[in-house]
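Student: Could you have a look at this structure, given as structure tokens, before my questions?
The values are calculated or read from the model by the stated rules, or taken from the named source; none is laboratory data. Since the structure is predicted, the reported quantities are computational estimates derived from the model, not experimental observations. Quick reminder, even Gly has a Cβ in these numbers, built from the backbone with ideal geometry, and neighbours come from all protein chains shown.
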Amino acid sequence: MISILFSPIKIGDLKLQNRFVRSATYEAMAKETGEITNDLITMYQRLAKADIGLIISGYMFIHPKGKAMKLQVGIHNDDMMPGLKNLVDNVHSNGGKIAFQIVHAGMQSYKEILGMPPKGPSAGIRSPITLKKSKEMNEDEINESIQAFPNAVERAIQVGVDVIQLHAAHGYLINQFLSPCFNRRTDKWGGSDENNFRFFKEVIIKTKKTLPKEIPLIVKLNVNDFKEEGITPTLATKYTKWLVELGIDGLEISCGSPHYATYNMCRGRVPLEEYLQFLPSWQKPLAKLMFKKMIGKFGFDKPYNVDAAKAIKPALNSTPLMVVGGIRTLKEMENILDNNYADMISMSRPFIKEPFLVKNLREGKINKTSCESCNRCLAAVACHIPVKCYVNSFPTEK
Ligand SMILES: Cc1cc2nc3c(=O)[nH]c(=O)nc-3n(C[C@H](O)[C@H](O)[C@H](O)COP(=O)(O)O)c2cc1C
Ligand code: SF4
């Protein structure tokens, strides 16, 4: 009998060929202006040929003040559109379907990238990575950030995208507003669950007004920030109910954040030596101390967001749920779907290791990914080195 994994599913009105999702994966391959490069096209052509139900792009910044990383793809102005159209056309002509993941980084960014200190909902929250404290957005900046989402969506529609994913996970701006640990405001944008949700609600209402019905709107949501007063599965379930009321077409759940809970987001080995080699010598002692504290804490003996999926699933009614995080074997994938814990299997690192993972699983050539979760690919992109599997050798220069 053919496994449910390889059976079609619909998100909104869009039919996908199977239950596999390539979760968003920052590529560190765009030009510094945010434009698409030939290397990016080649990488996505390969993924498009690989029978993955839905490919979600690496996060794309929607506003110059919301850029997270130096070599991130931009969707913040019309100059980006020819490259983005080329990307979508290439995915389509090779048989794939693509979602653009769009993001405003808020306070989880760098002064060196933005030319100004990063701002979020509240001031005074120190990043363990930059050691700098956040600055607070004023009302105009909040409204400008909200409007940047539908503006980016308008561009995505024009270049022919299949799906939009709003990045509300991993400690970026939407997550910052949703999370009591990052949002300490006492005006209409904070102070209660309803007020913390207001920013995201405005983004969704404006985005849905822009989107035609045939393009589904999905969300990547943190179910656990792993921070005191951060989002937990209970709060995420409450938010999920409100998201369903607002008419989202799908939900992907994740956890952690690059600055505030890195190895909860990408559990596995902590690649200490790989990070250290590219840091200036004055930063090394502190970084060593910080990363050493994490070693051994973030292993996984099973997919690590599935318990949260079980809690959240009933709140979704018939809206499809995608779960990401540490899914590695065919048995785990089938167990998640057969038990109705989620509707789709989302993975990032396994597709870096083996873009043709789905084909190989379907043809019975393998029954698990060979990704070892060594996190060298993650260390690479943090050092502005293009994403690929570096399990056997890590670059010694950029
Ligand atoms: C190199 C790398 C880049 C990533 N970039 C993104 C990103 O752009 N957006 C996002 O939501 N998650 C990003 N993630 C997180 C993954 O989408 C996923 O949530 C996480 O790796 C856990 O899934 P996995 O165990 O299947 O890798 C990235 C992960 C890696 C390893
Ligand atoms: S470097 Fe390769 S093996 Fe290591 S986590 Fe990344 S994809 Fe997996």
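Student: Please verify whether Ser348 is surrounded by fewer than 18 Cβ atoms within 10 Å (Cβ to Cβ) and either at pLDDT 95 or above or in contact with a helix residue (DSSP H, G or I) (Cβ under 6 Å, 6 or more places away or on another chain) (or both), treating the condition exactly as stated. First the steps, then the outcome.
Tutor: Working: surrounded by fewer than 18 Cβ atoms within 10 Å (Cβ to Cβ): no; either at pLDDT 95 or above or in contact with a helix residue (DSSP H, G or I) (Cβ under 6 Å, 6 or more places away or on another chain) (or both): yes.
No, not satisfied.
Student: Among the residues of region 75-114, how many are part of a loop (DSSP other than H, G, I, E, B), in contact (Cβ under 8 Å) with a residue 24 or more places away in the chain and not polar (S, T, N, Q)?
Tutor: Within region 75-114, residues that are part of a loop (DSSP other than H, G, I, E, B), in contact (Cβ under 8 Å) with a residue 24 or more places away in the chain and not polar (S, T, N, Q) number 9.
Student: Anything in region 356-398 that is more than 13 Å from ligand 1 (Cβ to nearest atom), part of a helix (DSSP H, G or I), in contact (Cβ under 8 Å) with a residue 12 or more places away in the chain and out of contact with any Phe, Trp or Tyr (no Cβ under 8 Å at 6 or more places or on another chain)? List them, or say none.
Tutor: Lys359, Leu361
Student: Residues of region 1-39 being among the aliphatic types (A, V, I, L, M), within 17 Å of the chain's Cα centre (by Cα) and part of a strand (DSSP E or B), which ones?
Tutor: The one that is among the aliphatic types (A, V, I, L, M), within 17 Å of the chain's Cα centre (by Cα) and part of a strand (DSSP E or B): Val21.
Student: Determine which single condition Ile218 fails, assuming it passes every other condition in (1) buried (at least 21 other Cβ atoms within 10 Å of the Cβ); (2) in contact with a Phe, Trp or Tyr (Cβ under 9 Å, 6 or more places away or on another chain).
Tutor: The failed condition is (2).
Student: Could you check Asp162 against (1) more than 16 Å from Ala99 (Cα to Cα); (2) charged (D, E, K, R); (3) in contact (Cβ under 8 Å) with a residue 40 or more places away in the chain and say which number it fails?
Tutor: Only one criterion in (1) more than 16 Å from Ala99 (Cα to Cα); (2) charged (D, E, K, R); (3) in contact (Cβ under 8 Å) with a residue 40 or more places away in the chain is unmet by Asp162, namely (1).
Student: Still on this structure, I have one more. Within region 115-125, restricting attention to residues that are touching a Ser or Thr at 6+ places or on another chain (Cβ under 9 Å) and in a loop (DSSP other than H, G, I, E, B), which residue is farthest from Phe61 (Cα to Cα)? Don't jump to the end; show me each part of the working.
Tutor: So the first thing to find is which residues in region 115-125 are touching a Ser or Thr at 6+ places or on another chain (Cβ under 9 Å), and the list is 117-125.
Narrowing the set further to residues that are in a loop (DSSP other than H, G, I, E, B) leaves 117-118, 121-125.
Numbers: Pro117: 17, Pro118: 14, Pro121: 18, Ser122: 21, Ala123: 22, Gly124: 24, Ile125: 22 Å.
For region 115-125, the residue satisfying everything is Gly124.
Student: Test Tyr304 against the stated conditions and say whether it is assigned to a helix (DSSP H, G or I), of a type outside the set (Gly, Ala, Ser), closer than 29 Å to Ser109 by Cα and within 16 Å of ligand 2 (Cβ to nearest atom).
Tutor: On the way: assigned to a helix (DSSP H, G or I): no; of a type outside the set (Gly, Ala, Ser): yes; closer than 29 Å to Ser109 by Cα: yes; within 16 Å of ligand 2 (Cβ to nearest atom): yes.
So Tyr304 fails the test.
Student: Let me ask you something else. Assuming Gly268 fulfils every condition listed in (1) within 16 Å of ligand 1 (Cβ to nearest atom); (2) farther than 23 Å from Cys383 by Cβ apart from one, which condition is it?
Tutor: With respect to (1) within 16 Å of ligand 1 (Cβ to nearest atom); (2) farther than 23 Å from Cys383 by Cβ, Gly268 is out only on (2).
Student: Checking the structure you have, find out if any residue of region 182-201 is away from ligand 1 (no atom under 16 Å from the Cβ), farther than 27 Å from Asn77 by Cβ and of a type in the set (Ser, Thr, Tyr).
Tutor: Yes; the residues of region 182-201 include at least one that is away from ligand 1 (no atom under 16 Å from the Cβ), farther than 27 Å from Asn77 by Cβ and of a type in the set (Ser, Thr, Tyr).
Student: Here is a follow-up. Evaluate the following for Ala169: is it at pLDDT 95 or above, touching a Ser or Thr at 6+ places or on another chain (Cβ under 6 Å) and surrounded by 15 or more Cβ atoms within 10 Å (Cβ to Cβ)? Steps first, please.
Tutor: Details: at pLDDT 95 or above: yes; touching a Ser or Thr at 6+ places or on another chain (Cβ under 6 Å): yes; surrounded by 15 or more Cβ atoms within 10 Å (Cβ to Cβ): yes.
So Ala169 fits the description; yes.
Student: What pairs can you find where one residue is in region 139-150 and touching a residue at least 12 places away in the same chain (Cβ under 8 Å) and part of a helix (DSSP H, G or I), the other is surrounded by 15 or more Cβ atoms within 10 Å (Cβ to Cβ) and among the polar types (S, T, N, Q), and their Cβ atoms are less than 8 Å apart, with a gap of 6+ or different chains?
Tutor: Correct list of pairs: Phe149/Thr207; Pro150/Thr207; Pro150/Thr210.
Student: Quick one: how many residues across region 117-141 are among the aliphatic types (A, V, I, L, M) and modelled with pLDDT under 95? Outline the logic, then answer.
Tutor: Within region 117-141, the subset among the aliphatic types (A, V, I, L, M) is 123, 125, 129, 131, 137.
Now drop any that are not modelled with pLDDT under 95, which leaves 125, 129, 131.
Count: 3.
Student: Run down Asp338, Asp343 and say which single residue is surrounded by fewer than 21 Cβ atoms within 10 Å (Cβ to Cβ), closer than 24 Å to Gly250 by Cα and either aliphatic (A, V, I, L, M) or more than 10 Å from ligand 2 (Cβ to nearest atom) (or both). Before the answer, list the steps.
Tutor: Values: Asp343 fails: surrounded by fewer than 21 Cβ atoms within 10 Å (Cβ to Cβ).
Among Asp338, Asp343, only Asp338 is surrounded by fewer than 21 Cβ atoms within 10 Å (Cβ to Cβ), closer than 24 Å to Gly250 by Cα and either aliphatic (A, V, I, L, M) or more than 10 Å from ligand 2 (Cβ to nearest atom) (or both).
Student: Which one of these does Met290 not meet: (1) under 22 Å from the mean Cα position of the chain (by Cα); (2) touching a residue at least 40 places away in the same chain (Cβ under 8 Å)?
Tutor: (1)
Residue-by-condition table, conditions (1) more than 17 Å from the chain's Cα centre (by Cα); (2) assigned to a helix (DSSP H, G or I); (3) buried (at least 24 other Cβ atoms within 10 Å of the Cβ); (4) among the basic types (Lys, Arg):
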| position | (1), (2), (3), (4) |
| --- | --- |
| Ile41 | yes, yes, no, no |
| Gln45 | yes, yes, no, no |
| Ala50 | yes, no, no, no |
| Gly58 | no, no, yes, no |
| Lys65 | yes, yes, no, yes |
| Lys70 | no, no, no, yes |
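Student: Further question: Looking only at region 18-60, count every residue that is more than 16 Å from ligand 2 (Cβ to nearest atom) and over 21 Å from Met344 (Cα atoms) and tell me the total.
Tutor: Final tally of qualifying residues: 15.
Student: Same structure, new question: Name every residue in region 260-276 that is of a type in the set (A, V, I, L, M, F, W, C) and assigned to a loop (DSSP other than H, G, I, E, B), in order of residue number.
Tutor: If the condition is that a residue be of a type in the set (A, V, I, L, M, F, W, C) and assigned to a loop (DSSP other than H, G, I, E, B), then Cys266, Val270 are the ones that fit.
Student: Counting only residues that are surrounded by fewer than 19 Cβ atoms within 10 Å (Cβ to Cβ) and small (Gly, Ala, Ser), which one in region 1-27 is nearest to ligand 1 (Cβ to nearest atom)?
Tutor: Ser3
Student: Evaluate the following for Met107: is it within 20 Å of the chain's Cα centre (by Cα) and surrounded by 24 or more Cβ atoms within 10 Å (Cβ to Cβ)? Reasoning before the result, please.
Tutor: Numbers: within 20 Å of the chain's Cα centre (by Cα): yes; surrounded by 24 or more Cβ atoms within 10 Å (Cβ to Cβ): yes.
Yes: the conditions hold for Met107.
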